[in-house]
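One structure is given below, encoded as structure tokens.
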Amino acid sequence: MPVKKMTQLARNQRNNATLEERRLWNQLLRNYPLRFHRQKVIGPYIADFYCHEAKLVIELDGSQHYQDENIVKDELRTQYLNSQSIRVLRFTNHEVYRHFDAVCETINQVIEEIIGHELDWGE
């Protein structure tokens with residue numbers, strides 16, 4: 001897909017974020033000590049959230065991600081991002097909805113592990 005179309009699709013996805021994406025963005029990532037981007041085009045893919053400094057993608061998966069064809073697509077996406085030295089964290093929408101604090105803590109722990117020091121992220 002041409003870059004212009006990918007950028008337009010990413011913009012549409014930002015404007016139509018899921019409840020869980022909005023919650024994670026508004027309650028954690030928007031004001032996180034490291035900058036995150038929403039719906040970031042990376043190669044042929046659009047990542048839900050991307051932190052360049054930590055080289056980390058966070059994906060939130062709804063039920064459609066558990067259909068066989070989408071499992072394969074997600075694995076190919078992860079392999080591509082890993083080949084670009086980008087780590088991928090995946091959470092289900094259910095996890096974000098029911099276990100939000102644990103999701104935030106996991107994200108923070110992984111980032112601190114990647115960058116090698118603690119961050120003041122306002123638990």
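The values are calculated or read from the model by the stated rules, or taken from the named source; none is laboratory data. Keep in mind that this is a model prediction, so the values were computed, not measured. No Cβ is skipped: glycine too gets one built from the backbone with ideal geometry, and neighbour counts run over all protein chains shown.
Quick notes on this one:
- Among the residues of the range 1-31, those identified as surrounded by fewer than 19 Cβ atoms within 10 Å (Cβ to Cβ) and not in a helix (DSSP H, G or I) are Met1, Pro2, Asn16, Ala17, Thr18.
- For the range 95-104, the set of residues classified as without any contact (Cβ under 8 Å) to a residue 24 or more places away in the chain, surrounded by 14 or more Cβ atoms within 10 Å (Cβ to Cβ) and assigned to a helix (DSSP H, G or I) consists of Glu95 only.
- The range 1-49, residues that are without any contact (Cβ under 8 Å) to a residue 24 or more places away in the chain and under 30 Å from His117 (Cβ atoms): Arg22, Asn26, Arg30, Arg35, Phe36, His37
- Pick from the range 79-94, criterion at pLDDT 95 or above and part of a helix (DSSP H, G or I), ranking: surrounded by the most Cβ atoms within 10 Å (Cβ to Cβ): Leu81
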